[in-house]
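One structure is given here, and the rest of the page talks about it.
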Amino acid sequence: MAWAQLPPWLQYVGELLFFCVVFHYVQNIGQLFAANDINPTVTPVRPASGVTLAIILWRGYRLWPAMWLTGAFSHYHLTHDWIETLGVPTGGCMEALAGVWLVRHFVGPRIDFGSIKSVLGFLWWGGVVRAAMTTTWTIGFLLWRDRLPVEQMPLAWTTNFFGSAMGVAVFGSFILSWVQPASTRDSEASIPETVLLFGLLILAVSMDYLSQFPLTFLSFPLLVWAGLRLGPRALTAAVMTVVLVALTFVASGYKAFGLIDGNPDELQIWLQIFIVCVAGTGLVLGAVAAQRRRTLRATAELSSFQKAMLDGSNFSVIVTDDHGAITSVNRGAERLLGYTENELLGRPLQCIHDPAEIAQQTLLLSADTGRKIGGFEALSDAPRRGRDDEREWTYVRKDGRHIPVFSSITLLSPVDGRPRGFLATGVDITARKLAEAQMEAAKTAAEQANRSKSEFLANISHEIRTPMNSVLGFAELLQRHLRDPGMKKQAQAIFSSGQTLLRLINDLLDLSKVEAGRLELQPAPVDVRSLATEMGQFFSLKAEEKGLAIVTRFSGPLDGQFQLDEVRVRQVLFNLIGNAIKFTEHGQVVLSVKAEAEAAGHSLLHFEVTDTGVGIPSEHLSLLFQPFEQRSGQNTRKYGGTGLGLSISRRLAELMGGTLLACSETGTGSTFCLTIPHVRHEAEPASPLAMPDVRPIPNILSGVLQPEGLTPLTPAAIAAWQVCAELAAGPWMKTWKNLMQTPLFEDVEQFGTLLASAANEDTPSVLREYGRRLADQARDFEVEEMTHSLREFPQLAARLQRGPNALSATVSLGSGER
């Protein structure tokens with residue numbers, strides 16, 4: 001039956017019996033060297049001390065019965081004293097188990113003979129401390145039992161202490177080195193070298209005993225050799241061999257150390273010291289050598305790994321000395337440059353660079369540092385000053401081709417204050433450069449296509465609007481003349497759809513003009529308070545239809561005139577207030593205007609439109625100002641729109657140097673803030689379209705100087721002129737601005753008729769003719785002529801404000817005055 005198939009208890013009993021036999025014979029070896037004048041239990045060599053420590057470290061605490069039984073049997077055989085037979089083994093087991101615990105706790109369950117720390121810990125806790133405990137217990141027990149004379153106690157304690165320490169250092173280390181796993185690469189010596197070392201060690205120890213001279217020193221150089229060349233197993237075997245040879249000569253009556261006639265006790269202590277020194281020196285030297293071998297092996301492996309990694313990489317690595325001479329290159333550099341390593345070694349690093357770039361860098365550094373820079377300094381100046389030189393360079397291959405690379409030059413860490421050189425790495429960026437060029441070409445083409453599209457739309461704005469206005473005009477004409485309710489409703493549908501399409505066309509054209517850079521601002525003095533009031537009044541009817549309130553609030557210094565493009569500001573506010581009313585079912589819409597004074601007669605204007613509508617989810621705010629994006633989460637079919645209004649508004653705000661921001665909360669409402677900084681502010685009106693300086697009629701009559709050839713004006717005509725001038729600067733100008741936004745034929749015709757009959761018979765002829773012409777053009781759907789006439793109204797208003805005395809050429813407004 002195989003051993004593994006036996007019951008566990010039977011395996012344990014067999015293991016105990018086996019180690020009982022081992023411990024018995026090991027103890028007998030120690031007794032062979034016991035001094036005759038000392039108790040036989042006091043021996044200069046205690047192999048059992050090391051063997052028991054090693055075996056329990058190896059097999060565990062469960063073997064303590066074998067150790068106790070063996071100790072009890074040996075002591076009874078020597079002394080036939082039952083108290084000593086029971087007491088000494090019991091104390092020996094306790095101190096042995098304590099020594100094992102100390103080693104395991106402070107060193108570890110496995111003793112690494114390739115580590116100095118592990119070896120010294122094993123020798124201290126397992127050898128010195130454990131030997132001190134064993135010796136103290138044994139000698140103390142023998143003194144208590146009167147088995148040892150008091151005067152011999154120091155010698156007995158010393159002898160027993162060194163014997164126990166020797167057993168751990170020699171026999172314990174030998175057993176542990178063979179029962180623990182060992183690396184096959186621990187020894188550097190070959191088999192012949194190992195055999196030679198063993199032979200020389202045996203010869204050196206033998207000569208010490210066989211000659212009459214102290215030749216003990218001969219074994220130590222050989223021991224150093226063994227420690228540095230042999231692995232732990234062979235080394236502990238060599239130490240064991242030296243010790244056994246020495247013990248054999250001692251047992252045979254030979255004496256060493258030049259003490260042939262010396263005191264036996266002194267010879268015994270010298271022998272113990274010799275053995276401890278041999279064992280300790282050998283183990284420490286072996287640990288030093290093992291660490292050195294591991295370090296060299298790890299360094300070699302790391303160097304091999306690094307070289308393999310660098311050679312396998314697709315970037316170049318070049319190492320230079322402190323003067324820039326190349327000392328090493330990797331395979332990547334060879335592949336990139338077309339040179340072999342031998343062809344590059346010793347050459348300056350700048351030899352692989354484009355000379356023109358080196359010359360340019362030399363000039364820049366010379367100007368920057370104020371000293372002449374040349375040669376390798378163009379590449380090493382920045383690293384020497386503690387900065388990595390990372391930039392794009394051009395390498396020149398062996399075949400003359402130029403390769404763009406991204407290179408980094410780093411100063412290697414100095415050793416003993418002396419520079420070690422430089423490390424230059426380079427990555428071929430030819431593919432990246434090609435991709436960048438392709439991307440730039442694609443970007444340029446896309447931008448050009450976008451500009452062409454925007455310019456095309458901006459250029460054909462007139463051609464697009466003209467037929468659309470004609471469609472609207474004829475649809476409006478059909479509504480007037482059709483009597484059938486069904487057909488009239490269809491005409492109304494055409495007109496409504498055409499208005500929606502016209503607004504979309506206007507938005508698209510405005511967006512195209514902004515993108516094409518064709519939209520130019522036309523700043524003019526604007527009464528911001530009046531502008532906001534008019535916007536509120538304009539939307540009041542639409543708000544009332546939905547049951548909403550329009551509230552206008554003002555704060556800050558808003559008196560006077562602000563230099564703004566009123567048309568564009570109105571356009572932004574028109575979009576913001578229209579959207580607020582569209583998405584609000586209950587509550588109110590608030591237009592807040594605030595001015596903050598800035599330096600040098602400028603102000604910061606804030607226009608805020610706040611509603612109590614459905615609100616906008618926070619995750620959709622970032623898309624709100626994108627073209628064709630509506631208020632996310634809203635029903636497009638319900639609310640309508642194209643999603644261009646806010647995009648155009650933000651572009652206009654940025655064009656005016658300002659910002660348009662939004663904040664909202666779902667179910668609570670939204671706030672849109674238009675901020676325009678650095679707006680020139682004049683406290684007093686200074687516009688040519690401002691209200692005229694009205695003087696009493698008698699003063700005007702008394703000072704009228706009519707131009708030659710014209711009929712003098714009557715007082716009624718002068719008064720009518722004055723009233724028309726006031727209307728042109730006020731209500732008529734506001735009506736005209738609204739018409740410029742949506743020039744419907746019916747509204748334009750009414751506006752022209754109003755101007756033509758403003759003061760009945762006393763209406764200034766220039767105004768009367770203009771109004772009749774505008775009304776006729778709108779009535780006849782002459783789109784181009786009507787649009788041209790509408791654009792002339794500001795000139796007419798300025799002409800009226802200059803008064804009848806300041807008659808000047810008016811090419812297209814009329815032919816004269818009354």
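The values are calculated or read from the model by the stated rules, or taken from the named source; none is laboratory data. This one's a predicted model, so the numbers in the text were calculated from it and none came from an experiment. Every residue, glycine as well, gets a Cβ built from its backbone with ideal geometry; the counts of neighbours run over all protein chains shown. SASA here: full protein model, heavy atoms, side chains in, ligands and nucleic acids out. Shrake-Rupley method; radii C 1.70, N 1.55, O 1.52, S 1.80 Å.
Can you send over the carbon and sulfur percentage of the accessible area for segment 555-600, probe radius 1.4 Å, protein chains only? Don't skip to the end; give the middle numbers.
Values: 920 of 1670 Å².
Ligands and nucleic acids excluded, carbon and sulfur reach 55 percent.
The string of couplings for segment 763-780 from the Karplus curve (6.51, -1.76, 1.60, θ = phi - 60°) is 4, x, 4, 4, 6, 5, 5, 5, x, 4, 4, 5, 5, 4, 5, 5, 5, 8 Hz, one whole number per residue in order, with x for Gly and Pro. Shown is the FRET efficiency for Glu792 and Gln360, computed with R0 = 56 Å from the Cβ-Cβ distance and rounded to the nearest 0.05: 0.35.
Quick check: residue separation of Asp388 and Val22 times 0.36 nm, minus the Cα distance between them. What number comes out in nm?
124.9 nm
Taking 0.36 nm per residue of separation and subtracting the current Cα-Cα distance, fully stretching the chain between Glu654 and Glu188 would add 159.8 nm. Applying 1/(1 + (r/R0)^6) with R0 = 45 Å to the Cβ-Cβ distance of Cys663 and Asp321 gives a FRET efficiency near 0.10.
Solvent exposure of segment 505-599, expressed per residue, is 44 Å² of accessible area, with all protein chains present and a 1.4 angstrom probe. Sorting the segments 425-434, 524-533, 164-173 by their residues' average number of neighbouring beta-carbon atoms within 10 angstrom, most packed first, yields 164-173, 524-533, 425-434.
Which of the peptides 564-576, 474-486, 371-383, 354-366 is most tightly packed, and how do the rest follow, judged by the mean count of other Cβ atoms within 10 Å per residue?
Details: 564-576: 21.1, 474-486: 12.9, 371-383: 17.2, 354-366: 15.1.
The densest-packed peptide leads the list: 564-576, 371-383, 354-366, 474-486.
For segment 492-563, the relative contact order comes to 36 percent (Cα pairs under 8 Å, sequence separation of at least 6).
The largest accessible area among Tyr254, Tyr25, Tyr339, Tyr770 belongs to the first residue in Tyr25, Tyr254, Tyr339, Tyr770, and the rest follow in falling order (1.4 Å probe, all chains). For the listed residue pairs Lys372/Lys433; Lys489/Lys542; Lys594/Lys734; Lys546/Lys737; Lys546/Lys734, the alpha carbons are over 28 angstrom apart in Lys372/Lys433. Taking the protein heavy atoms of segment 734-774 in the context of the full set of protein chains, the accessible area attributed to carbon and sulfur is 45 percent at 1.4 Å.
Near the amide H of Gln588, within less than 5 Å, lie the amide hydrogens of Ala549, Thr612, all on another chain or at least 5 residues away, with H placed in the peptide plane.
The 3J(HN,Hα) values that the Karplus relation (6.51, -1.76, 1.60; θ = phi - 60°) gives for segment 394-401 are, in residue order, 10, 8, 10, 6, 4, 7, x, 6 Hz. Gly and Pro appear as x. For segment 579-589, the Karplus equation 6.51 cos²θ - 1.76 cosθ + 1.60, evaluated at θ = phi - 60°, returns couplings of 5, 4, 5, 4, 9, 10, 9, 9, x, 8, 10 Hz by residue, with Gly and Pro reported as x.
The fraction of accessible area contributed by carbon and sulfur in segment 133-199 is 70 percent, rounded to a whole number (1.4 Å probe; ligands and nucleic acids excluded).
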